[in-house]
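Heads up, the thing below is written out as structure tokens.
The values are calculated or read from the model by the stated rules, or taken from the named source; none is laboratory data. Just so it is clear, the model here is predicted, and its values are computed rather than measured. All Cβ positions, glycine included, derive from the backbone under ideal geometry; neighbour counts span all protein chains shown.
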């Protein structure tokens, strides 16, 4: 898997998200959000070391139930899930290191 570059206009249900196996990052935001655009290089850099992590990039806004179910208030918000459970969140990242710190909580190397 690779980092997703476009915001999806339709979102999975919360039940589908809760049932996801393995590590997942959900990125909430919009294509026109200045904060979202500014964060893209940081997010892309952090994802380089975590290509196996599922990335869902979901357009958020008023009346969008998935973002509301996660209580998203600012964009971009990155939700880090492990087997459907939230283990970390980064809101309006200012550095790659804060994203990498959250990745460390969900992306565990597989033992041989």
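Looking at 4, 24, can you tell me which residue is surrounded by 15 or more Cβ atoms within 10 Å (Cβ to Cβ), more than 16 Å from residue 96 (Cα to Cα) and modelled with pLDDT under 95?
Numbers: 24 fails: modelled with pLDDT under 95.
Just a single option satisfies the conditions, and that option is 4.
Applying a threshold of 6 Å to beta carbon distances and a minimum spacing of six or more residues, or different chains, the list of pairs starting in region 36-56 at a residue that is free of Cβ contacts under 8 Å to residues at least 24 places away in the same chain and at positive phi and ending at one that is loosely packed, with under 14 Cβ neighbours inside 10 Å and assigned to a strand (DSSP E or B) is empty.
Restricting 81, 66 to those that are surrounded by 15 or more Cβ atoms within 10 Å (Cβ to Cβ), touching a strand residue (DSSP E or B) at 6+ places or on another chain (Cβ under 7 Å) and farther than 17 Å from residue 3 by Cα reduces the list to 66. Considering the conditions (1) in contact with a strand residue (DSSP E or B) (Cβ under 7 Å, 6 or more places away or on another chain); (2) surrounded by fewer than 17 Cβ atoms within 10 Å (Cβ to Cβ); (3) without any contact (Cβ under 8 Å) to a residue 40 or more places away in the chain, residue 61 is excluded by exactly one of them, (1).
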